[in-house]
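The values are calculated or read from the model by the stated rules, or taken from the named source; none is laboratory data. Note that the coordinates shown come from a computational prediction; the quantities given were computed from them, not determined experimentally. Here Cβ is always computed from backbone atoms with ideal geometry, including for glycine, and neighbour counts include all displayed protein chains. Areas reflect the complete protein model, heavy atoms only, side chains present, ligands, DNA and RNA absent. Shrake-Rupley method; radii C 1.70, N 1.55, O 1.52, S 1.80 Å.
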Amino acid sequence: MMRLLLKWLLRLATAGAGIVALALVLGLYLVQRSLPDYSAELEMRGLGAEVRIIRDAHAVPHIRGETAQDAMFALGVAHAQDRLWQMELSRRAAQGRLSELLGARTVPLDRLVKTLDLYGYARRSLSHQSPEAQAFLEAYAEGVNAWIAHVFREALGRGAPEFFLFGTDGIAPWTPSDSLAVLKMMALRLGSAAQHDIRRARFLLSLPPERVADILPEAPEGAVTELPRYAAIFEGARFAEAEPAAAEDPLLAALGPAPRPELAGASNAWAVDGSRSATGRPLLASDPHLWLSAPSLWYLASLEGGDLSVIGGTLPGAPVVLIGRNRAVGWGLTTVGVDDQDVFIERLDPEEPSRYRTPDGWKAFETRTDRIVVRDGPPVSLTLRRSRNGPVLDGDLFGVDAVVPDGHVAALRWTALTDEDRTMSAAIGLMRAGSVDDALDQARDVLAPAQNVTVADGRDIGMAVAGAIPERRADSPSRGRVPSPGWLAETEWTGLRPAERNPRIRVPRTGALANANNRLTDDAYPEHISNDWDLPYRIQRLEKELSAREFHSLNGFLALQNDAVSEMARSMLPLIARDLWWRQGSEVAEPSGPIARRAAALALLAQWNGDMDRNRPEPLIFAEWMRQLTRRLAADELGPLMPLVEGIRPLFVERAFRDVDGAAIWCDVDKTPERESCDDIAASALDQALARLSRDYGPNIEGWRWGAAHRAEHRHTPLGYVGPLGFLFSITQETSGGDFTLLRGAVPGDGPEPFRNVHASGLRVIYDFADLDRSLMIIATGQSGHPLSRHYDDLSELWGRGDMIRMSLSTDDALIGSLGVTVLRPPG
């Protein structure tokens, strides 16, 4: 009897294993069906004539058509072939419909997007685009839809394996409004002015203005405007007690606005003209720093059709090369950080909360209703309000609840919230520019996100701020630096600055120009551009390196993009270590005790040149020391506000150590009877840093490596955020550099992995106008968004070690080692 039972159990187990194996094989077959055939010949409606898509050795599409519209159609096909899931997520994010796929976790982002009505503004802006832009948008959408139709007609695995896991009733047709919404969402993700204002207000409610100027200092070159006393602006209104900042959801950070304003957007761009080039022709380099993801935000492509000939980095979902070159002009982008958002505090009528106060009396909110459909959960009903200043931010959007007094609500004024947005038309016009002046003129129509456009042609170089800048009244009590009373006429915007007044540089005297999100002007409020420039260390490095040699080359620019020397470390290390180096000889140490460990660390740092090399221990020691030092200086005073500034704050540390405006008061710990000096805090912070590093990386200091902590994380969305699946679908590699180096890799600054690289140059380009077909480009992952494709991560190793690939407009170059040629034909 027992033998018979065991036999049947064995049979059942075998059958079960067979069923599982069959299911896996069937699943793998269905998933692999979504991998495109790069050598197919397809008939597609919407084409005017035959188009070829040559996939080079790295799967980069080189599109060759008879007209520009046909080339854009083929770009839509190529994007959909390789990145359909990414495009669907981008579209849904801009529509406020992510929760239909991903569940309750993304409801806060959907609420924000629906509150702002991003998709509505995108849809209404279509009629304001240039005729050429409208034609490109239509042709691109037809190409995407032609591929979607082909996928379902031929049962090609729904176009991407993720659609099997997050099933839908089908993929809605792509529309021109979807492409415009992708750019709107990019503007939201790069905008940080409101977050800066809200954070500044939170600190002003707990600290005097002079101490807030320490912890949130302005870039040092230029006058610092006195901070207002935030609570005084609102006539003694009652504010809630400061509470600990909510924990960040990394998935929301991957899909929506940055969790902290420092991670919104950065970038480097620089150029030299022929007088500073080894070949006598200009060179230009650009590397935008944005959030990392798998696949990359960027997608390389080359397009030729009619009079359009362009190559560079595209955004899947949009018919435009955002950073690239044509046969005459090359361009790069860096984020300006324009103060283009203001939060207005609206006072509610205590008798009728549906009304709010204006300079002319009480006025009713405009209202509309909407809802968020949630996968595996009940829908969320929304009643959305709008004041004369903008949409009301309900539900603690941007963390605004902490700065709104009782009986008030907050509304957002933002340049991007307008129907007359021609940013897409400007980007498309830039692809056709024939000279530096032509390119800078095209940039005048950019609304948001505001960008520094760096341009070069065969002879000249130039740079201009492209984007709308609000004009404010001089008598505003908030000066646009903290949320403003919405009922005061003096806080209103008076309009937008004419684009002709935006900063522009042509024919620089030195033959070189550069930008690293640094301060552009010293103009004070209300003529200012921004209150929140990036710290000066990257631009200092660029100035030093560009001035160090008279003539520059393509290889020199490549080395500079990979430069990992931290000018911050070079300036801060002598300041924080001065007393410890002096003390070192007078302390008696046990061979393996804390003092001996400190001596070994200081000996290494004394010989260090500031290079954040992934194979060295010094960057790790210094970074953890600065992180612990920042925390020990600030945590006791900030309390629950500390998570808002967690990480390395070099200007704050410098102000404390140099006692700028009495900032040395931060060095004394409130909770101890002794009066600590800054040098005392530096010593205890170093000991704490070394203890943590010993725990995590072992006792051998010389065996520690910065790269082990500074690993770039390209996480798949959303599978990279689902437990163990993240290891299967995400891409990681050790990297050099850090927050303050040209080879930038920004870190979160807290959590169990405070130094992981989460924000870096996902695209790098260098144009050599002596031979444009020698130009170099790279993206951080691979061209394909299909996790089973060998082109999902094939470029990541090159990117990680600082290499690039040659990107040529020559068809012959594209055919060398090509993977195949896709031929698209109109029916019949």
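For the pair Glu248 and Ala104, the difference between a 0.36 nm per residue extended length and the Cα-Cα distance amounts to 50.3 nm. Under a 5 Å amide H cut-off, with hydrogens placed 1.01 Å from N, Glu346 pairs with Val409, Ala410, Ala411, Gly486 among residues at least 5 apart or on other chains. Listed by number, the DSSP H helices of the chain that run 20 Å or longer by alpha-carbon position along their axis and have mean Kyte hydropathy of at least -1.0 are 2-32, 68-95, 131-154, 176-190, 567-584, 618-638, 678-697. What a 1.4 Å probe finds exposed on the range 418-490 is 39% carbon and sulfur by accessible area, rounded to a whole percent.
For Ala410, the shell of other residues with beta-carbons less than 15 Å away shows a net charge of +3, using +1 for Lys and Arg and -1 for Asp and Glu. In the chain, the DSSP-assigned H stretches of four residues or longer account for a calculated mean residue ellipticity at 222 nm of -10500 deg cm²/dmol, using -39500 (n - 2.57) per stretch and the full residue count as denominator. Label point of Arg33 set 7 angstrom out along Cα-Cβ; within the range 767-790, amide nitrogens under 17 Å from it belong to 788. Using 0.36 nm per residue and subtracting the Cα-Cα separation, the extra length available between Arg459 and Ala548 on full extension is 29.8 nm.
Scalar couplings 3J(HN,Hα) for the range 490-503, obtained by applying the Karplus form with A = 6.51, B = -1.76, C = 1.60 to θ = phi - 60°, are 6, 8, 5, 6, 9, x, 10, 5, x, 4, 5, 8, 5, x Hz; x denotes Gly and Pro.
How many Å² of accessible area per residue for the range 689-828, probe 1.4 Å?
Numbers: 5040 Å² over 140 residues.
Here the per-residue accessible area is 36 Å².
Would you mind classifying the range 786-828 by shape? Square roots of the alpha carbon gyration tensor eigenvalues, ordered a ≥ b ≥ c; an a/c under 1.5 is rounded, otherwise it is prolate if a/b is larger than b/c and oblate if not. Here the range 786-828 falls in the oblate category.
Extension gain for Trp493 to Ser206 (0.36 nm times residue separation, less C-alpha to C-alpha distance): 100.5 nm.
For the range 232-301, report the accessible area per residue in Å² (1.4 Å probe, heavy atoms, rounded to an integer). Walk me through the numbers before you get to the answer.
On the way: 2410 Å² over 70 residues.
Ligands and nucleic acids excluded, the result is 34 Å² per residue.
The mean sequence separation of alpha-carbon pairs under 8 Å and at least six residues apart, normalised by the residue count of the chain, gives a relative contact order of 19 percent. Heavy-atom accessible area for His58, with the other protein chains in place and a 1.4 Å probe, reaches approximately 60 Å².
With each label modelled as a point 7 angstrom along the Cα→C-beta vector, the Arg238-Ser694 pair spans 5.2 nm.
With θ taken as phi - 60° and the Karplus curve 6.51 cos²θ - 1.76 cosθ + 1.60 applied, the whole-hertz 3J(HN,Hα) list for the range 445-455 is 8, 5, 9, 7, x, 5, 9, 7, 9, 9, 10 Hz, x standing for glycine and proline.
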